[in-house]
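One structure below.
Each value in this text was obtained by applying a stated rule to the coordinates, not by laboratory testing. Keep in mind that what you see is a predicted model, and the values were worked out from it rather than measured.
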Amino acid sequence: MRNNFLLPTLTILISCIILFSGCNKDDDDTRTVILTIPAETVLNGTNPQTDDLVEVMKATEENTSNTYYLALDNGIEGFTYESGYKYRIKVLITTLKNPPMDGNSETFELIEILEKTKVTTSN
C-alpha cells in the first residue's frame, strides 16, 4: 500500500520541479544602457507586423548604432514620455530567451532619468 502512494507522489514532485525550473527569468539576458529620446515622436510600423503606422518614441542607444521604436504608453516600464522634452535615460533591457509569439523579444525598464530638457521650436 505504501508503494502505491509513493510512486504517484514522486511523479508529481518531479513534474513540478521540471515545470517550475523552466520558468526561471534568470535565463534571460539583461544589460544596462543609456538611451536618448528626442522631443518629437515618429510614425513606425507595429509589432506584430500590420499595415498600420503608430506614433512611437525613437530611442537611440548611446555609443552604438542601436535604435529602438517604443510605444508611448508602455514601451519603457516606469517611464512616461512627455512631448516637447528630450530625454537621456538609463534603462535595463532584458532580452527574453522565450519571447511571446505576438510580442517583443526585449523589454525595457526605467532605472533613472539622467536628463530631461525642454525643447522649444520656432515657427
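Under the rule a/c < 1.5 gives rounded, and otherwise a/b versus b/c splits prolate from oblate, where does region 26-120 land using the Cα gyration tensor? In terms of gyration-tensor shape, oblate. Taking amide H as placed 1.01 Å from N in the peptide plane, E106 has its amide H under 5 Å from the amide H of L96, each at least 5 places away in sequence or on another chain.
For I111, the residues whose amide H sits under 5 Å from its own are K90, V91, L92, ignoring neighbours fewer than 5 places away on the same chain, with H placed 1.01 Å from N.
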